[in-house]
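Here it is: the structure, laid out below.
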Amino acid sequence: MNRRQFIGVAGLSGLGASLAGWHLASQPGENEVIARKLDQQLLGEDYPYTALWGFNDSVPGPVLRKTQGDTLSLTFKNRLSQPSSIHWHGIRLPNNMDGVPGITQRVVKPGEDFQYEFALPDAGTFWYHPHVATYEQLGRGLYGALIVGERERVDVDRDELLVISDLHLDQSAQIPGNFKNLHDASHAGRLGNTVLCNGQKVPTLRQVRPGERIRLRLVNASSARIYRLRFDGVAPLIVAMDGHPCAPQIMGETLYFSPGNRYDFILDVPRLSGGLTLRDEFFPMMPNLLARFEVKGSPVAARSGFAGLPPNTLPPFDDRSAEKVDLVLEGGALSEKATREAIWLLNGRGNDHDSLLDSHENHPDPLFECRSGQTIHCRIDNRTAWFHPMHFHGVVLQEKQADGRWGPYRDATLVWPFKTSEIRFVTERPGEWMIHCHVSEHHHSGLMGTFRVGDVCTTKQRPWVTTAWGSDTTA
Ligand code: C2O
Ligand code: CU
Ligand code: CU
C-alpha cells in the first residue's frame with residue numbers, strides 16, 4: 001500500500017476538508033473515496049464559494065497513485081442524496097468492477113458503500129467518475145485522476161497533472177440546476193462557461209527551469225466539452241494516449257481532446273523562453289487559456305531524445321479472423337429521427353441509461369455478442385451533425401488512420417459529423433461492456449449500448465442493424 005502517496009493526496013484536498021471539517025461525520029479513511037457535498041472557492045478570493053459535489057471533499061477528487069501490477073482496493077461511500085457508482089475509465093478490469101449500475105453492479109444508493117478491488121495491469125494516466133446521471137454528477141465535480149506509475153523510473157524532472165473540466169456557473173458562482181434539458185441533450189451537450197484546470201479558474205502557475213524535462217499528463221473530465229489544444233513556447237512530444245504509450249511524436253499545431261481522453265506529453269523547456277502556455281481553441285472565437293508555466297531560475301542540463309515509455313502488454317490482434325460490426329449513430333437536433341424519448345439512436349435504438357437502474361426490463365439487448373479474444377473490426381457511421389467521442393469499456397482500440405494504417409492505442413474514437421470511423425479491438429474479459437458517447441448528455445439520451453463477451457462461438461450482431469459493411473474496408 002502506498003501510504004505516503006495517499007497522505008500527499010489528502011494534503012492537496014485539505015482546503016475543503018478543513019473548512020467543512022466540523023460538520024462532517026468523518027474524514028475519509030486511507031482507502032476510502034467518499035462522494036459528498038462540499039464548498040470550494042473556484043474563481044479566486046473575490047468570489048464566493050461554489051457548492052459542489054466531490055470525492056473526498058475536493059474538486060477534482062484525490063489523485064490516486066499506484067504502480068503497475070498493484071491492486072487498487074478501496075471503499076466507495078455514497079453520501080450524496082442520489083444513487084451513484086465509480087467507473088475506472090480506461091482500466092482493464094473484471095466486469096463486476098467496472099462500475100456501471102444496471103449492467104455490471106447494483107447501484108450504490110445514498111448512504112451505501114461499495115468495495116472496489118482489482119489489479120492494475122497497465123501503467124498510464126487514467127481517471128475515475130460516477131456512471132450514474134453522469135451529466136449531473138460530473139457536472140457538479142465528481143471526477144479524479146488515477147495514475148498508474150511504470151515499474152521502472154521514467155527519466156523526467158517533473159511529473160505534472162492537469163485535470164481539465166468545465167462547469168456552468170452563475171453570477172454568484174453557483175451551479176444552476178437544469179441539467180437534464182432538451183437543448184443541451186440534442187446539441188453539443190452542456191458546455192460550461194468556466195473552464196477549470198485542477199479545480200482553478202486562474203490557470204495554474206508553475207515555475208519551471210530552462211532545460212527541464214516535464215512529463216505533462218492531461219485528463220479531460222468535462223461533461224461535454226471537446227478542446228483543441230495548442231501549446232505556445234514549446235513543441236511537445238506526445239508519448240501516450242488514453243493511458244497507453246505510443247511511439248513519441250511531435251505534436252502538430254493543435255490536437256483534439258475529447259471528454260474522457262488523456263494525453264501524456266514530454267515537454268523540454270527551451271533555454272530561452274518567456275513562458276509556456278496551453279490553450280484551447282476549439283471555438284476560435286472563444287479561446288480558453290488552460291494553463292501557464294512560468295520559466296524561471298538557472299538552467300539545468302537539457303536532455304536530448306526520448307526513447308518512449310515502456311509499452312503495456314495488450315492482447316494481439318488477429319485481423320484474418322476479425323469479425324465485423326457496424327454501429328450507426330443517428331438523431332440529435334435537426335434530425336427527423338430524434339424524439340423526446342430518444343434524442344439519439346445507436347443502431348436504431350435510443351437507450352436511457354438512467355432507466356436501467358430501476359428495472360431489468362429496460363435492459364437492452366447487447367449490440368453484439370462475441371467470444372473473448374476475438375478481434376473485432378468496427379465501423380462507426382455518424383449520420384448526425386454533431387461530434388461523438390465514442391468510448392468502449394473493457395477493451396483498448398485502434399483507429400484506422402487516413403493512410404489506412406492502424407493508429408495508436410486509445411479507449412475512444414472521436415467520430416466527426418457525417419463521417420465514419422473505423423476501429424479494431426480485441427475482446428478481453430467476459431461480461432457485458434458499455435459503448436457510449438462520452439458527451440454525458442448524449443450518453444444519457446440515447447447514445448449508449450453494450451456488447452457481450454462470453455461463451456458464444458460466432459459473433460452475432462443484433463437484427464435491427466440494417467446497414468451493410470461497405471466494400472471499402474480492409475481486413
Ligand atoms: Cu468515462 Cu463509460 O466512461
Ligand atoms: Cu470508461
Ligand atoms: Cu455524442
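Could you go through the stretch 352-364 and let me know if any residue there is within 27 Å of Val426 (Cβ to Cβ), away from ligand 1 (no atom under 16 Å from the Cβ) and assigned to a loop (DSSP other than H, G, I, E, B).
Among the residues of the stretch 352-364, at least one is within 27 Å of Val426 (Cβ to Cβ), away from ligand 1 (no atom under 16 Å from the Cβ) and assigned to a loop (DSSP other than H, G, I, E, B), which makes the answer yes.
Just to verify a result, which residue in the stretch 38-72, among those that are among the polar types (S, T, N, Q) and crowded, with 16+ Cβ neighbours inside 10 Å, is nearest to Asn220 (Cα to Cα)?
Looking at residues that are among the polar types (S, T, N, Q) and crowded, with 16+ Cβ neighbours inside 10 Å, I get Ser58.
Would you check which residues across the stretch 105-128 are among the hydrophobic types (A, V, I, L, M, F, W, C) and either at pLDDT below 95 or more than 25 Å from Ala412 (Cα to Cα) (or both) and list them?
Result: Val107, Val108, Phe114.
Kindly check whether there is at least one residue in the stretch 162-182 that is closer than 25 Å to Ser304 by Cβ, of a type in the set (Val, Ile, Thr) and part of a loop (DSSP other than H, G, I, E, B).
no
May I pose another question? Taking the stretch 292-334 only, how many residues are crowded, with 18+ Cβ neighbours inside 10 Å, within 26 Å of Arg230 (Cα to Cα) and not hydrophobic (A, V, I, L, M, F, W, C)?
Residues meeting the conditions: 1.
If you check Ala291 against the conditions, is it small (Gly, Ala, Ser), under 27 Å from Trp406 (Cβ atoms) and part of a strand (DSSP E or B)?
No; evaluated as a whole, the condition is false for this residue.
With the stretch 52-139 as the region, which strands (runs of 3 or more DSSP E) entirely inside it contain at least 1 residues that are aliphatic (A, V, I, L, M) and touching a Leu at 6+ places or on another chain (Cβ under 7 Å)?
64-67, 71-78
Can you pull out every residue in the stretch 406-422 that is closer than 17 Å to Met241 by Cα, more than 16 Å from ligand 3 (Cβ to nearest atom) and either in a loop (DSSP other than H, G, I, E, B) or touching a residue at least 12 places away in the same chain (Cβ under 8 Å) (or both)?
If the condition is that a residue be closer than 17 Å to Met241 by Cα, more than 16 Å from ligand 3 (Cβ to nearest atom) and either in a loop (DSSP other than H, G, I, E, B) or touching a residue at least 12 places away in the same chain (Cβ under 8 Å) (or both), then Trp406, Pro408, Tyr409, Arg410 are the ones that fit.
So for the stretch 381-391 (the condition being closer than 24 Å to His131 by Cα, under 19 Å from the mean Cα position of the chain (by Cα), within 16 Å of ligand 2 (Cβ to nearest atom) and aromatic (Phe, Trp, Tyr)), does at least one residue qualify?
For the stretch 381-391, residues closer than 24 Å to His131 by Cα, under 19 Å from the mean Cα position of the chain (by Cα), within 16 Å of ligand 2 (Cβ to nearest atom) and aromatic (Phe, Trp, Tyr): absent.
For the structure I just gave you, tell me whether Asp113 is more than 16 Å from ligand 3 (Cβ to nearest atom), surrounded by fewer than 23 Cβ atoms within 10 Å (Cβ to Cβ) and over 18 Å from Arg36 (Cα atoms).
No.
Mind checking whether some residue in the stretch 437-455 is modelled with pLDDT under 95, more than 16 Å from ligand 1 (Cβ to nearest atom), over 20 Å from Gly90 (Cβ atoms) and in a loop (DSSP other than H, G, I, E, B)?
Yes: one or more hits.
Select from the stretch 388-404 the residues that are in contact with a strand residue (DSSP E or B) (Cβ under 9 Å, 6 or more places away or on another chain) and away from ligand 1 (no atom under 16 Å from the Cβ) and write down the one among them that is nearest to Thr125 (Cα to Cα).
Gln398
Every residue in the stretch 304-338 that is in a loop (DSSP other than H, G, I, E, B), within 16 Å of ligand 3 (Cβ to nearest atom) and in contact (Cβ under 8 Å) with a residue 24 or more places away in the chain, please.
Matches in the stretch 304-338: Gly332, Ala333, Leu334, Ser335, Ala338.
The values are calculated or read from the model by the stated rules, or taken from the named source; none is laboratory data. Not measured: the values here are computed from a predicted model. Every residue, glycine as well, gets a Cβ built from its backbone with ideal geometry; the counts of neighbours run over all protein chains shown.
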